[in-house]
Amino acid sequence: MRLTQYFIPTLKEIPADAVIPSHQLMLRAGMIRLLGAGIYSFLPLGYRVLKKVETIIREEMDAIGGMEFHLPALNPKDVWEETGRVEAFGDTMFHLKNRELVLAPTHEEIITSIARSFVRSYRDMPQIWYQIQTKFRNEPRPKSGVIRSRQFTMKDAYSLDNSPEGLDASYDKHVEAYKRIYSRCGLKFFIVGASSGAMGGSGSQEFMVESDAGEDLCAFNMETGYAANIEIASSKIEPVGRLDENPDAEKFATPDARTIDDLIEQFSIPDERCAKSLVYFADGEPYLIFMAGNDQLNEEKLKTALGAIEVRPAHDEELAGITGADSGSIGPINLKSKIKQIADVRIQNANGMVSGANENGFHYKNIDLDRDADISAYHDLRTVLEGEPDPVGGKPLSVKKAIEVGHVFKLGTKYSDSMKALFLDDKGEEHPIIMGSYGIGVERIVACHIEQRHDKDGIMWHPSIAPFQIQITALKYESDVTREHADRFYNELTEAGLEVLFDDREGVSPGFKFKDADLLGMPVNVIVGEKHLKDGNVEIKIRETGERKITPIDDVAAVCKQLVDELGKVEL
RNA sequence: CGGGGCGUGGCUCAGCCCGGUAGAGCGCUCGGUUCGGGACCGAGAGGUCGGAAGUUCAAAUCUUCUCGCCCCGACCA
């Protein structure tokens, strides 16, 4: 492709609205343009990359027996009512104003509606159905360029099985396919156990790319292999346990203690002997929750523990009404109204605890949670911290930020139950289809690739998804000798099956062309200039390493092909 | 949704506090020189200062409302 005939609006300066490297570089390299908050146009160069990622995904999905569909993005609302997900998605789902239609944020319902019409027998399964499609989510705050946007491309796959073992097999196939997909896209990634959230189901894992731009935290230990999203990560932290002495609970004045830290400081109480009390509403119902000391409540775990769709902390006015005190003086004893109580397992059956007296400025000490509180259940509710022993091998956990590039779920029968997608087994008995759901964020792969592969000058594409594998930079294209050779290389390389971006601009200074080439980041740059041509050579530069190979004119095609092959090798 | 910031030519920004002829650099067009790391000289084109209302003799500048974008938080398969 000749640059003079192609549309690549590069930017010399960093756009003010872009913060993270991938966003800045995608704008500067002329890959994308913003249309509205979280809405991006893909320009030719960016779309080439997107299509290459999609091709890799297709190849790997087809390789595990997947069949590609193309489902509508515009969906009748009542299909979504069947599973209760209009409510579950809430404001995240776009609703049309002039029809009872929604824009699909994912496609479980549509797949299930097809399955219930046509999949009747256990003999019809397994099936793997997938599509690569535009999804719409009304993100409250789009950010980081294409990493969190309101319209994006997702590869979503669904497995249909007639047994739990079948689901396991389908799930494992997807995990293997996903590993190949990310590896082939030149990404370094890791897999963590994850919460299944609003998707429902029994198990899920996320494919993560470590990045400061990430919105998820993951806890892991390389040695033991434990890895989990912080939303579900647990640790082998010591339980608080019971003290031998167990005197009656006793009220004492704490006029200046509003926080756990105040209590620790002013009354020399060990932090784990403080029972922090929180009031949360889960789907509208209030709960009093006890945590040890300064342990952080994990809202995702709370949702799972209570089976709730939505949880939120109580407001100050609500606190006073329920407990009789403001936050900071809340506890299990002397509550103003009856409220369900739950606690973190770390303080299960603990005594000798200090907690609020439900009267501003007072706390109780010597609280025995068994004796003095009315706790209906203990759950793992705390957020793990870096350095705590991991639950597998007891080795210290690391906590890192990461971007989610894929998510696989064992859905089970959540959707087939509610939508009555049933099949007959070999005994003639009716069962709901056992489903799995598997997503990949296509734009996120591109953004993460750039996050991982860039330097101060620009992008460093892996050949597998580079928009072009080769760039030819013709310095002073207007000179006859340069033009003659550059044209020749362009033809030779193209005929050799390589994708070539040919900078054939005239009257553009060498420095300008070099800077553009580094920004665009094709893996191999063939620099055609009189300096080396007069000796019968050209310079071939490898973008990633900066290595320059002075190459005889006649060897250019062969050397380029070899370099692209070498640079494109991946471990599978 | 809460907090903060920003909207001035295609891009990056100055001007606003203290009202009085709309600016710079880059980019773009034309002519010439230059040509291996974002060249130089000369001549040009290009802006309802996000929008609306108000105050004023006079508004980019002050007031109110509104729209948009970004950041932090809340939220997020």
Task: For the stretch A:3-156, alpha-carbon Rg and Dmax in angstrom - done: 18.7, 61
Task: Rounded to 5, the percent of DSSP beta bridges in the stretch A:459-567 classed as antiparallel - done: 50
TODO: State whether the stretch A:461-518 is rounded, prolate or oblate according to the following rule on the C-alpha gyration tensor (a ≥ b ≥ c being the square roots of its eigenvalues): a/c under 1.5 gives rounded; otherwise a/b larger than b/c gives prolate, and the remaining case gives oblate.
DONE: oblate
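Provide the net charge surrounding A:Ile440, with neighbours chosen by a C-beta distance below 9 Å and charges set as Lys +1, Arg +1, Asp -1, Glu -1.
For residues surrounding A:Ile440, the net value is +1.
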Task: Net charge contributed by nearby residues that have their C-beta within less than 11 Å of A:Leu520 (K/R +1, D/E -1) - done: 0
Task: Pair A:Arg483, A:Asn138: separation of 7 Å Cα→Cβ label points (nm) - done: 5.8
Open item on the list: What do you get for GluC sites (Glu not before Pro) in the stretch A:166-266 restricted to DSSP loop and a cutoff of at most 12 other Cβ within 10 Å of the site's Cβ?
Closed with: A:Glu223, A:Glu245
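Report, in cubic angstrom per residue, the convex hull volume of the C-alpha atoms of the stretch A:459-567.
So the per-residue Cα hull volume is 84 Å³.
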Open item on the list: Using amide H atoms built in the peptide plane, which far-off residues or other-chain residues are under 5 Å from A:Asn138 H to H?
Closed with: A:Met93, A:Phe94
- [ ] Rounded to whole Å and ordered largest first, report the semi-axes of the equivalent ellipsoid of the stretch A:264-335 derived from its Cα gyration tensor (root of 5λ).
- [x] 22, 16, 9
TODO: Hand me the trypsin sites (Lys or Arg not before Pro) from the stretch A:459-538 located in a DSSP loop with no more than 13 other Cβ atoms within 10 Å, in residue order please.
DONE: A:Lys534
Task: J(HN,Hα) series, the stretch A:308-315, from Karplus relation 6.51 cos²θ - 1.76 cosθ + 1.60, nearest Hz, glycine and proline x - done: 9, 7, 9, 10, 8, x, 6, 6
Open item on the list: A 18 angstrom limit on the alpha carbon distance is what I want to check against. Which of A:Lys236/A:Lys340; A:Lys155/A:Lys420; A:Lys251/A:Lys365 exceed it?
Closed with: A:Lys236/A:Lys340; A:Lys155/A:Lys420
Open item on the list: How big is the dipole moment of the stretch A:116-224 about its Cα centre under a simple scheme where the beta carbon of each Lys and Arg is +1, that of each Asp and Glu is -1, and everything else is neutral? Debye, nearest 20, please.
Closed with: 620
Task: DSSP-loop GluC sites (Glu not before Pro) across the stretch A:378-470, with at most 15 other Cβ within 10 angstrom - done: A:Glu386, A:Glu429
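At 20 °C and a viscosity of 1.002 mPa s, what translational diffusion coefficient does Stokes-Einstein give for the stretch A:250-379, taking Rh as the Kirkwood radius over Cα pairs? Give it in µm²/s as a whole number.
149
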Open item on the list: Compute and list, largest first, the equivalent-ellipsoid semi-axes of chain A from the alpha carbon gyration tensor, each √(5λ) rounded to a whole angstrom.
Closed with: 54, 31, 21
Task: Long-range HN-HN contacts of A:Tyr226 with modeled amide H, under 5 Å - done: A:Asn221
Open item on the list: Whole-Hz ³J(HN,Hα) for each residue in the stretch A:224-233, computed from phi via Karplus 6.51 cos²θ - 1.76 cosθ + 1.60 with θ = phi - 60°, x for glycine and proline: what do you get?
Closed with: 8, x, 6, 8, 8, 4, 4, 4, 10, 4
Open item on the list: For a quick check: with amide H placed at 1.01 Å from N, whose amide H comes under 5 Å from A:Asn360's, ignoring anything fewer than 5 positions away on the same chain?
Closed with: A:Asp326
TODO: Provide the FRET efficiency to the nearest 0.05 for the A:Asp457-A:Asn98 pair, computing r from the beta carbons and using R0 = 60 Å.
DONE: 0.75
TODO: Convert each backbone phi in the stretch A:153-159 into a coupling constant with the Karplus relation 6.51 cos²θ - 1.76 cosθ + 1.60 (shift: θ = phi - 60°), then list the ³J(HN,Hα) values in order as whole Hz, x for Gly and Pro.
DONE: 9, 10, 8, 10, 10, 9, 10
Open item on the list: Quick check: the angle from helix A:44-63's long axis to the longest principal axis of chain A, C-alpha only, nearest 10 degrees?
Closed with: 70
Open item on the list: I'd like the per residue volume of the convex hull spanned by the Cα atoms of the stretch A:175-285, given in cubic angstrom.
Closed with: 240
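Values in this text are rule-based calculations from the coordinates and carry no lab data. If you're wondering where the values come from, they're calculated on a predicted model, not measured in any experiment. Counting neighbours? That spans all protein chains shown, and the Cβs are built from the backbone with ideal geometry, glycine included.
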